[in-house]
1. For residues in the range 181-217 being among the polar types (S, T, N, Q) and touching a residue at least 24 places away in the same chain (Cβ under 8 Å), which is nearest to Lys235 (Cα to Cα)?
2. Which residues, counting only those in the range 189-248, are among the charged types (D, E, K, R) and within 53 Å of the chain's Cα centre (by Cα)?
Amino acid sequence: MNTMNVVSRSNLWRVAKRESEKANPTQSMDDYDDTTFEPNYQDIPNSTSHKSVDSKAGFSKNLNLNKISSLSQTQFNELAQAFTCENGSISRLEERMDRIESQIIKLIDTSTKIMTSVRKLSERRSPPKTDFPCKSIGDLDGIEAKVAADQPKYIELFRAMLAPEGVSKNLNRILSTSVLMGMNYAGTCSKTGLTSYVNLNNALYESQRADGYTLGDYAKDVRTAFTKLKNRVYKATNKIKKRRREAMGEDCDADTNFKMETMS
């Protein structure tokens, strides 16, 4: 109702202004202060103005909310991007660890195979220590049976034991000196022949066999081994006998001198 009264008064003011201009053209209604007739709309309570204020407040609030929402979304995007980068790094790290794990498994498998091979080789090269060197000719029968049961094992063993000089210098690693003194290669001169132990002799030959190395070469090397070893024993024995004779001679000379001194 107040709004309608203001509009009516405004219309009346405009009509009065036109009539006054017609009656007295020299005096215009513009000389009057418009504020006398023009209402101050700000002083009049108006629900529309309240709504406008409320609308502006709501708009401002919505704007702030949008800003907050926009800022949160930006932060969320940055956080999501950071997580994406982090996930990418984790994925690469997991792939690298998978590769390392695969390599470790391969190394373990290889190491297991190597250890198995070494164990087998050790078993082949490590028969009982009491077997070699053979202490007596009577023990040769047992060694002959063992070599016959697993000749490849003893071939590898003899190759290792006779290295590096070979059978001509290291035969005493297989047969002790006392055994070698009662033997020779062919069994002549009432000696026990190495060739009578077929499997043992063959394993020794195969352990030394190489390109161009024949059975005749092996037989020559074995005979050389017997000869050298027996010569060393003979020389050592002769030295011992000589020392004994010298010691006995000194004793005899001392006794003779003692008797001569007594008689005088």
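Quick note: the coordinates plus some simple rules give every number you see, no bench work behind them. Keep in mind it's a predicted model, so treat the numbers as computed, not measured. Cβ: placed from backbone, ideal geometry, glycine included. Neighbour counts: every protein chain shown.
1. Ranking the candidates gives Asn184 first.
2. Within the range 189-248, Glu206, Arg209, Asp211, Asp217, Lys220, Asp221, Arg223, Lys228 qualify.
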